[in-house]
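The values are calculated or read from the model by the stated rules, or taken from the named source; none is laboratory data. Nothing here was measured: the structure is a model prediction, and the numbers come from that model. Reconstructed Cβ throughout: ideal geometry from the backbone, glycine too, with neighbour counts over all protein chains shown. Remember, those area values only see protein heavy atoms, side chains included, never the ligands or the DNA or RNA. Shrake-Rupley method; radii C 1.70, N 1.55, O 1.52, S 1.80 Å.
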Amino acid sequence: MEKTREILKARNLKKYYGSGESLVKAVDNISLSVNEGEFVAIVGTSGSGKSTLLHLLGGLDYADEGEVIIDGMDVLKMKDEEQTVFRRRKIGFIFQNYNLLAASNVYKNVTLPIRLDGNRPDEAYIDMILKLLGLEDKKGRRPNQLSGGQQQRCAIARALIKNPKLLLCDEPTGALDSKTSRDILVLLEEVNRKFGTTMLIVTHNNSIKYMVDQVVYLKDGRIERNYRNEEKVPAARLEDL
Ligand code: ADP
Ligand code: MG
């Protein structure tokens with residue numbers, strides 16, 4: 001697939017915290033362009049602004065200044081409720097700590113976004129997603145009855161259930177051992193290929209940059225380097241995960 005249609009554009013994004021002596025320029029004038037179907041890694045040391053940037057792109061937090069255009073829509077200009085619905089339909093989120101509902105089983109967690117929209121789940125589609133993520137026999141389990149890797153797969157299933165245009169992942173393998181990390185990355189790669197989902201993955205793991213199309217290096221809230229990776233290495237063959 002040719003990846004030339006711009007699906008995400010950020011222009012001059014800024015988010016500062018504090019003031020005076022304690023001013024932190026968490027995101028300091030960042031501009032970015034991502035084409036449909038691209039797999040993007042945002043890398044940088046802890047505190048470089050990765051999570052803040054991802055939150056601004058996904059509308060989980062407000063920018064002080066700048067623009068975010070997703071699928072042609074100026075997200076920051078939308079009214080609150082309109083933005084919430086837009087986000088729920090177009091964007092999936094995956095976090096380091098999974099963010100699952102502890103009292104709900106896998107099935108309930110995964111179908112939550114559908115139920116929030118007031119729709120009835122399409123059981124065939126849900127089965128396909130659960131199968132893809134190897135959770136077909138775990139539907140009735142609650143998060144505390146799952147391993148870390150299974151919990152993250154459940155979170156990925158939930159993020160995919162609405163077939164989002166954009167999948168935003170914040171350190172998705174940060175809490176996992178290296179073998180489980182690889183399994184999760186292989187799955188994300190498969191999702192990217194199979195559904196053409198555009199993905200941004202925030203990481204401080206230096207190996208992940210080899211498996212993506214575009215790499216964005218952050219330092220002190222700014223883009224230090226941004227390049228397209230011509231020769232991707234499949235997650236299955238990455239070293240030092
Ligand atoms: P990363 O995800 O790369 O580790 P963050 O985006 O979480 O970095 O943080 C970037 C900088 O902004 C850090 O210096 C952090 O302490 C600061 N920061 C993040 N969130 C807040 C907040 N809510 N209040 C004050 N400072 C914050
Ligand atoms: Mg972070």
### Query
Taking the condition β-branched (Val, Ile, Thr) and within 24 Å of Ala235 (Cα to Cα), does Thr4 pass?
yes
### Query
Which of the residues spanning region 96-109 are open to solvent by 70 Å² or more (accessible area, probe 1.4 Å) and without any contact (Cβ under 8 Å) to a residue 40 or more places away in the chain?
Ala103, Lys108
### Task
May I ask you to verify whether Phe93 is of a type in the set (A, V, I, L, M, F, W, C), within 16 Å of ligand 2 (Cβ to nearest atom) and crowded, with 16+ Cβ neighbours inside 10 Å?
yes
### Query
Name the pairs: first residue in region 204-228 and farther than 15 Å from Ile30 by Cα, second residue open to solvent by 50 Å² or more (accessible area, probe 1.4 Å), Cβ to Cβ under 6 Å, at least 6 apart or on different chains?
Ser207/Asp240; Met211/Lys232; Gln214/Arg228
### Task
State whether the residues of region 204-215 include one that is in contact with a strand residue (DSSP E or B) (Cβ under 7 Å, 6 or more places away or on another chain), among the aliphatic types (A, V, I, L, M) and in a loop (DSSP other than H, G, I, E, B).
yes
### Message
Condition check: within 13 Å of ligand 1 (Cβ to nearest atom), of a type in the set (A, V, I, L, M) and either modelled with pLDDT of 95 or more or in contact with a His (Cβ under 6 Å, 6 or more places away or on another chain) (or both). Does Leu8 satisfy that?
### Response
no
### Complete set of residues in region 216-231 that are in a loop (DSSP other than H, G, I, E, B) and either modelled with pLDDT of 95 or more or surrounded by 14 or more Cβ atoms within 10 Å (Cβ to Cβ) (or both)
Asp220, Gly221, Asn229
### Task
Would you confirm whether any residue within region 66-81 is within 16 Å of ligand 2 (Cβ to nearest atom), crowded, with 21+ Cβ neighbours inside 10 Å and in a helix (DSSP H, G or I)?
no
